[in-house]
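Shown next, in structure tokens, is the structure this report addresses.
The values are calculated or read from the model by the stated rules, or taken from the named source; none is laboratory data. Predicted model, so just to flag it, every value in this text is computed and none were measured. For neighbour counting, all protein chains shown are included, and Cβ atoms are generated from backbone atoms with ideal geometry for every residue, glycine included.
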Amino acid sequence: MTSTTSYKVRPATLRDAKAIAELQNQTIREAYKTMLGDAPLPVMPLEKRQAYWREAIEYAEPQVQVAIDDDKIVGFVGFDRSRDKGTPPTMGEVWALYVNPSHWDRGVGLSLWDAAREGLQDEGCSNVSVWVPLGNERALRFFELAGFKRELNSAKTVAVGLSKIEEIRLKRSLS
């Protein structure tokens, strides 16, 4: 996976929290349409999502980076140590990676992944994981092209709004 387009990626600021929350809700609506069919989409109220990201940015848990195009946030990534029980401190995790649907397939995700990989390496992580819904073919393809491998025995069912979806963990080395 090589980047043909480069976006400016920088640490998120508290002022970015609303734009991040709006982008996440918009992206979830688009990505989950095909996975959930007629079921209600799991869009968290904007104020609640914005509060989550404000806290994440303030306390750097997870660390949050944003991708900028023409002074507008077009994507973001949250990353930190793995939240999975029993993982060593050298295991990082991509907690969230979202790109505005208008910028899909334009290199934004790759720019964000590059920033997360560098940040995790700076934190002393040697491996990284990410949880992806099995029905989100776009996200699975992205992470597999970025060198992640599915961990077949990790599949689990999680509640998403009023629906349930299957997620799988993908892992890769950071070296």
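Would you say Leu170 is within 21 Å of Lys85 (Cβ to Cβ), in contact with a strand residue (DSSP E or B) (Cβ under 6 Å, 6 or more places away or on another chain) and part of a helix (DSSP H, G or I)?
So Leu170 fails the test.
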query = Which residues, counting only those in region 32-86, are buried (at least 21 other Cβ atoms within 10 Å of the Cβ) and modelled with pLDDT under 95?
reply = Tyr32
message = Residues that are among the β-branched types (Val, Ile, Thr), in contact (Cβ under 8 Å) with a residue 40 or more places away in the chain, in contact with a Leu (Cβ under 7 Å, 6 or more places away or on another chain) and within 23 Å of Asp80 (Cβ to Cβ): does region 127-145 have at least one?
response = yes
task = Could you please let me know if Thr157 is hydroxyl-bearing (Ser, Thr, Tyr), over 19 Å from Met35 (Cβ atoms) and without any contact (Cβ under 8 Å) to a residue 60 or more places away in the chain?
result = no
inquiry  = Report every pair of residues separated by at least 6 positions or lying on different chains whose Cβ atoms are under 8 Å apart, first residue within region 73-102 and in contact (Cβ under 8 Å) with a residue 60 or more places away in the chain, second of a type outside the set (S, T, N, Q) and in a loop (DSSP other than H, G, I, E, B).
reply    = Val74/Tyr7; Gly75/Tyr7; Phe76/Ala12; Gly92/Glu123; Gly92/Cys125; Gly92/Leu174; Ala96/Pro62
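Let me confirm something: among Asn100, Asn136, which residue is closer than 25 Å to Arg54 by Cα, in contact with a helix residue (DSSP H, G or I) (Cβ under 8 Å, 6 or more places away or on another chain) and not hydrophobic (A, V, I, L, M, F, W, C)? Steps first, answer last, please.
Values: Asn136 fails: closer than 25 Å to Arg54 by Cα.
Going through Asn100, Asn136 in turn, the sole match is Asn100.
Matching residues to (1) among the β-branched types (Val, Ile, Thr); (2) modelled with pLDDT of 95 or more; (3) touching a strand residue (DSSP E or B) at 6+ places or on another chain (Cβ under 8 Å):
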{"position": "Pro88", "(1), (2), (3)": "no, yes, no"}
{"position": "Gly92", "(1), (2), (3)": "no, yes, yes"}
{"position": "Leu97", "(1), (2), (3)": "no, yes, yes"}
{"position": "Asn100", "(1), (2), (3)": "no, yes, yes"}
{"position": "Leu110", "(1), (2), (3)": "no, yes, no"}
{"position": "Trp113", "(1), (2), (3)": "no, yes, yes"}
{"position": "Ala116", "(1), (2), (3)": "no, yes, yes"}
{"position": "Gly119", "(1), (2), (3)": "no, yes, yes"}
{"position": "Leu134", "(1), (2), (3)": "no, no, yes"}
task = Using the structure shown, decide if Glu118 is without any contact (Cβ under 8 Å) to a residue 40 or more places away in the chain, out of contact with any Pro (no Cβ under 8 Å at 6 or more places or on another chain), exposed (fewer than 15 other Cβ atoms within 10 Å of the Cβ) and under 25 Å from Val66 (Cα atoms).
result = yes
ask   = Restricting the search to region 144-169, which residues are closer than 22 Å to Glu61 by Cβ and crowded, with 17+ Cβ neighbours inside 10 Å?
value = Glu167, Arg169
query = Of the numbered conditions (1) modelled with pLDDT of 95 or more; (2) of a type outside the set (A, V, I, L, M); (3) surrounded by fewer than 14 Cβ atoms within 10 Å (Cβ to Cβ), Asp105 satisfies every one except a single condition; which is it?
reply = (1)
